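What follows is a single structure, written as structure tokens, with notes after it.
FYI, it's all coordinate maths here, none of it is from the lab. These numbers were taken from a predicted model, which means no experiment stands behind them. Cβ coordinates were reconstructed from backbone atoms using ideal geometry, including for glycine residues, and neighbour counts include every protein chain displayed.
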Amino acid sequence: MTPQMGRFISAERDLGIPVRFAYVLLVYYYLFFGFSDLAAIPDNQFYTNFYRATIELPKKLFLIYGGINLVYLGILLNITRVHSRVMLYCTFAMALLDGLMFCCLIVIEDGFNSPFFWVYFGMVLRNAYAISDAFFQITLNFSIVIMYAIGGIFGRSILEYDEMRESWLSTENSITDEQVLLRMVLLVAIVIFCFGFQVLLDRERRLREEQQELSIRNEHLKGIGRLAAEIAHQLKNPISIINNAAFILQRNQDNMELVKNQASIIREEITRSDNILKNLLMDATQSVASVRKLNIRHEIEEAIRVALPDGVFPGVSVEYLTPVPADLHLLIQPRHLSEILVNLLVNAREAMQSDGTIRISAGRNSETSIFISISDTGPGVPPEHQNRIFEAFFSTKEQGTGLGLGIVKKYVELYSGRITLDSSPRGSSFTLVFPEKLSIAPTK
């Protein structure tokens, strides 16, 4: 569940349903019971009809308002099934509708003198708590303030004007221009204060979550590093002894061709095992380093510079399918992300035999995951090899070691990510998907 959805649940469903019920009852009471007596209006048919029409229009709008509230109530009762973006639009629209209805009440009640000012004050606070999106919150709350001003201006013009230029309100109950200005300043100030306070809280929350995520990832890597170090420590000495014995055997078998061949095989396998252990030891050494918040666009550009130096591979071009967002970050060790990207770019370059186009895209799949895609225009991976492409030591290239994609897969899965291959005769595309937070990574 996203923090924004948590706000909707607490502000709009848990607390908001009874508050909304009170809103609707208040509007209903004032429209249908609070303005039925027209005795206070001067004995003038024009003003009487005008005032009556001013009351009747909000009564008709109330029927629409009540119906929309019922629909919104159904959405709130099923809020866990609604996408957070859809919920944002619904909450924004309902808050505007609330402001419009109370604008009507201000017009027909007392204008700026209306006690509904405090309802608008509460609306601003509620909106600030319910909506975390900066643009939507500031737009909504300033719209609410404008509605209050419009209601007060129209209410004053209707209630204060008659043939004798005498206010329908008694002089002692009329609000002065200074008081109107003070109320407007107070509303604007509370809008700005709520927004600024929320920005500070959100920044603190993001920093706290980021520190927690850094701690989780560091502990995750340290655990893997300790395991790798233990395995390497246990196997290094036996392998050294076997290697020495095989070397001595190979040098003392003048007339034993079979022994020589077997000794050569033993040494080849030991060399391969030793390479694996070196990689494990490197992981153990690097695990003490902290993960960092890396800018993906910068890391992609740096990997391109390493894998495709200027002027060395003139037949290879790089295209971005979509611009990589400048604010796209990932918590990961720099060496790991660099090796992932460089290996994929080198693999694409070699697959095209240094003549073709590499296409790159990166962004967010959802609110919880980040994707990076690197594709080439090479001949593609044969279908019979696609299931083995990530196996260690398996390669479709004549001079390939078969380690590059295996390392990529290992590092991606180290951060609870996944890598997929989509290949055809027109080229291959590798897509990486990382969770932004390990705590919400899907279990495998």
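Structure summary
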{"item": "Gyration tensor over alpha-carbon atoms, segment 340-387, equivalent ellipsoid semi-axes in Å", "result": "23, 14, 9"}
{"item": "Karplus 3J(HN,Hα) series, Hz, for segment 88-100 with 6.51 cos²θ - 1.76 cosθ + 1.60 (x for Gly, Pro)", "result": "4, 5, 5, 5, 4, 5, 5, 5, 5, 5, 4, x, 5"}
{"item": "Additional length obtainable on full extension of the chain from His298 to Asp355, 0.36 nm per residue less Cα span", "result": "18.0 nm"}
{"item": "Interchain or long-range residues, amide H under 5 Å from Ile370's placed H", "result": "Asn365, Phe434, Glu436"}
{"item": "Extreme residue, positive dipole direction of segment 302-388, given options Ile370, Thr357, Val318 (C-beta unit charges)", "result": "Ile370"}
{"item": "Order of Leu345, Leu97, Leu200 - criterion: other Cβ atoms within 10 Å of each residue's Cβ, fewest first", "result": "Leu200, Leu97, Leu345"}
{"item": "Nearest-20 debye value, segment 292-440 charge dipole, Cβ charges on Lys, Arg, Asp, Glu", "result": "340 debye"}
{"item": "Amide H within-cut-off set for Ile358, under 5 Å, with H built and near neighbours excluded", "result": "Ser317, Val318, Glu319"}
